Each structure stands twice: as C-alpha cells, then as structure tokens.
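Asker: Take a look at the following structure, please.
The values are calculated or read from the model by the stated rules, or taken from the named source; none is laboratory data. Since the structure is predicted, the reported quantities are computational estimates derived from the model, not experimental observations. Please note: Cβ atoms are built from the backbone with ideal geometry, for glycine as well, and neighbour counts cover all protein chains shown. Side chains are part of the model used for accessible areas, which takes the heavy atoms of the whole protein and leaves out ligands, DNA and RNA. Shrake-Rupley method; radii C 1.70, N 1.55, O 1.52, S 1.80 Å.
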Amino acid sequence: MAAELVEAKNMVMSFRVSDLQVLLGFVGRSKSGLKHELVTRALQLVQFDCSPEVFKKIKELYETRYAKKSSEVVQPQPQQHRSPDTLSIHSSYDRGSTVARTSISTTNIDYPVLYGKYLNGLGRLPPKVVKPEVRLVKLPFYTTLDELLKPTELVPQNNEKLQESPCIFALTPRQVELIRNSRELQPGVKSVQVVLRICYTDTSSPQEDQYPPNIAVKVNHSYCSVPGYYPSNKPGVEPKRPCRPINLTHLMYLSAATNRITVTWGNYGKSYSVGLYLVRQMTSAELLQRLKTIGIKHPELCKALVKEKLRLDPDSEIATTGVRVSLICPLVKMRLSVPCRAETCAHLQCFDAVFYLQMNEKKPTWMCPVCDKPAPYDQLIIDGLLSKILTECEDADEIEYLVDGSWCPIRAEKERSCSPQCPILVLVPHSPERPQVSDQVPSLLLPLHPPLSGSSDVNGLLPTPNGNGENGKAPADVVDLTLDSSSSEEEEEEDEEDDDDDEGPQPKRRCSYEKGLVSAC
C-alpha cells in the first residue's frame with residue numbers, strides 16, 4: 001500500500017490543471033484556484049482519502065494523458081518555452097505511519113514520452129538530477145530530532161514585490177507525543193518545538209539564519225511573532241534583526257490534522273530557502289554541563305601548550321621569559337569560575353564559560369571576548385591547568401607562566417607597599433618636663449634657610465647651652481610643628497613683653513594637640 005501511495009502522489013504531481021480539476025470534481029471537491037492549490041487538495045486526497053475508486057481514477061487520468069502524448073508525438077517537435085510553476089508540494093511517505101510529510105518543490109514536472117515501460121502497472125518516474133542541497137549551520141541551543149522539510153527555495157509567483165509561499169504538513173503520533181511530554185522552559189514554551197528556519201539559497205557552505213525583507217509567518221489561521229529589530233543609537237547605521245529559528249509549536253494542531261504554514265516575504269532579488277525541523281531547545285546550564293563532561297583539557301596538555309608558547313625562538317631578538325594571565329573574566333570583571341577559551345585562539349587568557357554561554361543564549365554571537373575571533377561552542381575547551389591554579393591561588397588576581405611551565409602569583413602593587421615608607425611627625429605639647437621621644441620614633445626635620453636663632457632641637461626641646469649639637473657641630477635648624485602660625489606670633493609678642501617686664505616669664509600658650517604619632521604621607 002505504501003508503494004501505491006507514493007506512485008499515486010507522483011502521478012498527481014505530473015497532472016495538469018485540467019486533470020486536477022477532473023480528479024477533484026470526481027470526489028466532489030472544489031475545482032477553483034491556482035494550480036498549486038489544486039495540487040495541495042489532490043495530495044491531501046491521496047494522503048487521507050485514497051479509496052480504490054480514487055486510485056483507479058488517478059491511474060486512468062495518468063494513462064490517458066501519456067498514452068495520448070505517445071500517439072501524438074511522432075517526430076520531435078521543438079520544445080516550447082514554459083514558465084515554471086510557482087509552487088508545488090511533494091510528499092515523502094513516512095514508513096510505519098499513515099501520515100505523510102510534505103516538502104516544497106519549485107519546478108514544474110512536464111515529462112515527455114518517457115513512460116512506455118511500467119512497473120507493476122504504474123508509470124515509473126525518471127530519476128531526478130541530483131543538485132547540491134542548502135545546508136544550515138548547527139545551532140548549539142537546538143538539537144535536531146527530525147527534519148520535517150528540507151531547505152527549499154522560495155520562488156516568486158509573479159512580479160509583485162510581496163510574495164506568499166504556502167506549505168502543508170502533518171506531525172506523526174510520535175512527534176506529537178514528544179512535544180506534549182517535553183518540559184516547559186517557561187510558561188507556554190515547550191522544550192521540544194517545531195521551528196522554521198530561513199537562510200540564503202547558497203550551497204557552497206552551511207548558511208546562517210537570515211530573514212528576507214517584509215517577512216511574516218502565518219500558521220493555520222494566526223500570525224506567528226518574528227524577532228524584531230535591535231535599535232541603533234549610531235547615526236547612519238541601520239538597525240539589525242536577530243535571525244533565529246521561529247517557534248511555531250504554540251499555533252499548530254498537535255494531532256494528525258494537517259497544518260498550513262504561509263510565509264510572506266519581499267522579493268528584492270535575493271533568493272531564500274526555508275526548512276522545518278523538530279528540535280529540542282537547550283539551556284545554557286545544560287550546555288555548561290555538557291562542556292564540563294566532554295570539554296575539559298588535561299592540565300598536562302595545557303602545561304605543554306604554555307611551554308610551546310614560551311619556547312625560545314632563534315629568529316627572535318627578544319627572549320620571552322614569562323607571560324601574564326589574568327584570573328579576572330574580561331566579560332564581567334569578576335574572578336573566573338570555569339575558565340575556557342576556543343581551541344582556535346592563540347592566547348592563554350581565558351574567559352568564564354558560565355557568563356559566555358548565558359550571553360550567547362540571549363544574543364548569539366559566539367565571538368571570543370579576548371581576541372574578537374569566532375569561538376563557537378563546538379570549539380570551546382576548559383583549561384584544566386588554570387582551573388587548578390584558581391583553587392590554589394585565592395589571594396591574587398594575576399599569575400605569570402614561566403618557561404618551564406610553572407607559574408607564580410603576581411601580587412597587587414598596593415599589597416606590596418602596604419607599610420608606610422615616609423617619616424612620622426611627633427605632635428606633642430611643648431613642655432620641659434615631657435620625656436624624650438627621639439629614641440622611640442624618628443621625627444621630621446625641616447631645615448630652614450637662613451637658619452633662625454634660638455631654634456629647638458629635633459624633638460622640640462630647649463636649645464642646648466652652647467648652641468651646638470653633638471660633637472660640637474651646629475645643630476640643624478628645625479621647626480616645632482606643634483605650633484601654628486598664630487601661636488608663633490603670640491609667642492614673639494610675649495617674648496617682647498617679657499624683656500620689658502621684670503616680674504618673670506609668662507607661661508607660653510601651646511596648641512591643644514594630644515600626644516601621638518601622625519603619618520606624614
């Protein structure tokens with residue numbers, strides 16, 4: 001039965017409009033519409049309501065058409081130019097299920113007299129020319145479970161700028177069960193999804209998702225939301241649109257019923273292809289766990305890489321004795337927790353895998369934050385050596401790799417210069433009875449030029465009787481910093497009064513600083 005269904009669909013695809021109208025009229029269905037609409041109705045008839053009478057009618061129309069062409073064609077006639085069909089739908093039967101999956105074809109099948117031989121009473125179609133297929137890049141956050149529709153080119157139907165391309169397909173019971181039993185990433189969003197992907201029609205290399213202009217996607221009777229544009233703050237720069245797979249699951253019939261998808265797009269010269277996939281969406285936490293399982297590079301291999309990078313180059317005039325590596329992530333300026341980098345990167349500096357995956361989950365760019373080169377998920381590795389260093393070195397933010405593969409921490413400058421290196425000022429009240437402190441802490445000597453008479457010693461004591469310091473040398477001129485300028489002026493006035501007064505010297509006024517030590521820096 002499966003082979004008969006496939007042959008019946010192939011015969012229907014070769015019918016002209018008149019044959020399709022006869023077949024649809026035979027079963028009492030509408031005969032109006034464009035050819036691709038008639039083909040869609042006829043394929044639905046074959047897929048779900050193909051009775052023996054309908055199959056016999058299809059075979060009769062098929063044999064009548066090609067038998068007539070065989071009798072008419074005696075001499076080869078010049079082939080008339082015929083414009084290709086706008087859009088027709090082929091189906092590929094899913095074995096083990098009564099539901100067929102459909103795919104889009106863009107070429108009109110008009111076979112000449114090539115059907116003289118039959119296989120089991122049915123005409124055999126000639127083999128198709130194998131053409132390179134459009135391939136899409138693999139997305140780390142999507143695991144493909146089934147390919148519902150291979151990437152197929154969107155062909156304009158007319159000269160209008162706005163085009164519509166329909167597609168009809170149905171899910172198998174197994175696929176419906178996978179969707180229903182999948183967990184929810186967030187309310188209303190299943191992890192198993194049917195997604196639509198669009199890209200340029202280019203077979204030279206795997207293509208990234210790319211939306212055509214004026215794109216709109218309609219699923220059954222409702223329009224699906226498409227990611228909008230990112231606003232641009234720079235003048236003259238066009239806003240960018242994140243091109244991602246479009247989730248259609250919430251608008252589909254999760255049953256054996258057929259789903260109709262209509263893609264509206266702008267025809268401005270570039271060619272695009274669409275594909276449908278059943279996928280499982282992953283989270284950044286799941287990708288991180290997978291990376292920890294299969295992506296850790298052994299510390300000894302990382303150590304060998306360090307030695308290789310620091311190996312002396314005989315052609316180089318500068319010998320590299322070490323290379324510094326920061327333990328701070330360049331993405332978030334925090335200490336690394338899971339150090340990783342791409343295998344294609346030439347640097348030893350790592351970034352944090354946790355934040356890198358979270359950022360690409362929201363806005364996928366997959367660019368290395370250190371060298372700004374592509375760093376896709378499949379090329380990420382966890383540096384086992386740096387992971388070990390992070391656990392052993394908790395009091396430094398930077399290390400240095402040496403030529404032998406060893407490492408040493410680099411302390412911060414403020415930690416290495418934490419002790420004061422400047423002299424200490426002694427701020428004490430000026431009193432003859434106070435104890436000597438010059439033997440305990442050094443004082444700051446401020447020489448004055450020219451020297452002043454009657455200067456005190458280093459600790460603000462009374463001048464020596466002979467006016468000289470130790471060893472008979474003249475003492476250095478110093479200033480008692482415990483006095484402010486106003487106190488000095490008052491002391492000079494009081495000294496002048498004392499010269500005229502015979503009653504004796506008045507007690508001098510001193511500042512109210514308490515005894516203590518103050519750093520001068």
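Asker: At a probe radius of 1.4 Å, what is the per-residue accessible area of I58, in Å² to the nearest 10?
Answerer: 0
Asker: Got a number for the accessible area of M334? Probe 1.4 Å, square angstrom, nearest 10.
Answerer: Rounded to the nearest 10, that gives 100 Å².
Asker: Considering only the other residues whose Cβ falls under 14 Å of the Cβ of N181, what net charge follows from Lys and Arg at +1 and Asp and Glu at -1?
Answerer: Numbers: positive: R174, R180, R183, K190, R280; negative: E177, E184.
Surrounding charge for N181 is +3.
Asker: Show K333, K9, K388 ordered by accessible area, largest first, where the area counts protein heavy atoms only and the probe is 1.4 Å.
Answerer: Final ranking, largest accessible area leading: K333, K388, K9.
Asker: With a 1.4 Å probe and every protein chain left in place, work out the accessible area per residue of the range 124-214 in Å², rounded to a whole number.
Answerer: Using a 1.4 Å probe on heavy atoms only, each residue of the range 124-214 averages 58 Å².
Asker: Ignoring ligands, DNA and RNA, what percent of the 1.4 Å accessible area of the range 1-61 is carbon and sulfur? All intermediate terms of the calculation are to be shown ahead of the outcome.
Answerer: On the way: 1500 of 2800 Å².
Carbon-and-sulfur percentage of accessible area, whole number: 54.
Asker: Can I ask one more? Might you work out the accessible area of W366 for me, using a 1.4 Å probe with all protein chains in place, and round it to the nearest 10 Å²?
Answerer: Accessible area of W366: about 40 Å².
Asker: Provide the net charge surrounding M282, with neighbours chosen by a C-beta distance below 15 Å and charges set as Lys +1, Arg +1, Asp -1, Glu -1.
Answerer: Once all neighbours under 15 Å are counted, the net charge is +4.
Asker: Hey, any idea what % of the range 173-254's accessible area is carbon plus sulfur with a 1.4 Å probe? Intermediate results must be reported in sequence, preceding the final value.
Answerer: Working: 2380 of 4810 Å².
Answer for the range 173-254 is 49 percent, counting heavy atoms of protein chains only.
Asker: Moving to a separate point now. Compute the accessible area per residue over the range 347-408, keeping the other protein chains in place, probe 1.4 Å, unit Å².
Answerer: On a per-residue basis, the range 347-408 sits at 48 Å².
Asker: Further question on the same structure: Please report the spacing between the Cα centers of the range 1-36 and the range 148-190 in Å, no decimals.
Answerer: Centre-to-centre distance over Cα atoms comes out at 24 Å.
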